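Taking it in order: structure first as structure tokens, then the write-up.
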Amino acid sequence: MDFTIKQYQSLIGTLKTQTYLFQTFESSLKHINKRAIILRHDVDLLPRNSLRFAQIQANLNIKGSYYFRAVPESWDEQIIKEIANLGHEVGYHYETMDTTNGDIDKAWDQFRTHLDELRKLTDVETICMHGSPRSKYDNKQLWVKYDYKTLGLIGEPYFDIDFSKVGYLTDTGRQWNGNKVSIRDKVNSSFNFNFRSTQDIIRSVNQLPDQIMFTFHPQRWNDNWFLWTKELVLQNVKNQVKRILIR
């Protein structure tokens, strides 16, 4: 079974043997190591799953970045504080072009409000867009008119990482080669990966580039058989819908 906590621990443990420095997105913007893994986590749903990831990493003396949406199914203030207290970076997973139906000025006002609320809980220096695959609005379009750096933010992965130098692997679609079912979680990369499973990555770990960002959606990873099966079925349905949207 793939996408279990056990499999995640095996992946992180294997990566840790490869002389990589694990970095948050924030720290990589200030100075990226010659051999670096940037751990990004999009907390779309089930924030307790993200807390479990954060605890596993803390026990291994590893830090990552966790991006929370401003919706009830993600925004758990106690868990946000716990993850920050473990030494991880917390950022804002914004989707305000979607939630304001494309009204860019309202989206900017809403963005600032949510950012202020998150900053009441912990320091926030970076952001990351939520893909909102069922929406016709691309949340990154907010930056056609506005500039997040005027708010003291230093980075957004889709704008501030040079993916010609940094590899990118994401579990979008509950698969590692999910480009065909990804609406917006895509980058222009000079690296071509085709890993079908987490075990494929583990077996090929010595072939990974020196610098790479991993994006995880922790709600997809479960050891509980019922929750694991539920996520598998739901994601397969979502992938079929996204294939239709892409076409």
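The values are calculated or read from the model by the stated rules, or taken from the named source; none is laboratory data. None of these values were measured; they are calculated from a predicted model. Backbone-built Cβ (ideal geometry, glycine too); neighbour counts: all protein chains shown. Accessible surface is based on the protein model in full, side chains and every heavy atom, while ligands, DNA and RNA are left aside. Shrake-Rupley method; radii C 1.70, N 1.55, O 1.52, S 1.80 Å.
Taking the range 197-219, which residues are open to solvent by 20 Å² or more (accessible area, probe 1.4 Å) and either of a type in the set (Ser, Thr, Tyr) or touching a residue at least 60 places away in the same chain (Cβ under 8 Å) (or both)?
Matches in the range 197-219: 197, 199, 202, 204, 206, 210, 211.
Evaluate the range 18-26: report whether one residue or more is under 18 Å from residue 201 (Cβ atoms), among the β-branched types (Val, Ile, Thr) and more than 18 Å from the chain's Cα centre (by Cα).
So far as the range 18-26 goes, yes, one or more of its residues are under 18 Å from residue 201 (Cβ atoms), among the β-branched types (Val, Ile, Thr) and more than 18 Å from the chain's Cα centre (by Cα).
Could you list all residues from the range 206-218 that are out of contact with any strand residue (DSSP E or B) (no Cβ under 7 Å at 6 or more places or on another chain), in a helix (DSSP H, G or I) and modelled with pLDDT of 95 or more?
Within the range 206-218, no residue meets the criteria.
Restricting to the range 93-109, and then to whatever is charged (D, E, K, R) and open to solvent by 40 Å² or more (accessible area, probe 1.4 Å), can you tell me which residue is nearest to residue 157 (Cα to Cα)?
Result: 98.
Identify the residue in the range 27-78 that is over 21 Å from residue 212 (Cβ atoms) and aromatic (Phe, Trp, Tyr) and, among all such residues, is surrounded by the most Cβ atoms within 10 Å (Cβ to Cβ).
Top of the filtered list is 68.
For every residue, the table says whether it meets (1) over 14 Å from the mean Cα position of the chain (by Cα); (2) in a strand (DSSP E or B); (3) farther than 19 Å from residue 149 by Cα.
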residue: 45; (1), (2), (3): no, no, yes
residue: 72; (1), (2), (3): yes, no, yes
residue: 82; (1), (2), (3): yes, no, yes
residue: 90; (1), (2), (3): no, yes, no
residue: 118; (1), (2), (3): yes, no, no
residue: 123; (1), (2), (3): yes, no, no
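Mind listing whichever residues of the range 124-169 are of a type in the set (Ser, Thr, Tyr) and farther than 22 Å from residue 70 by Cα?
164, 168
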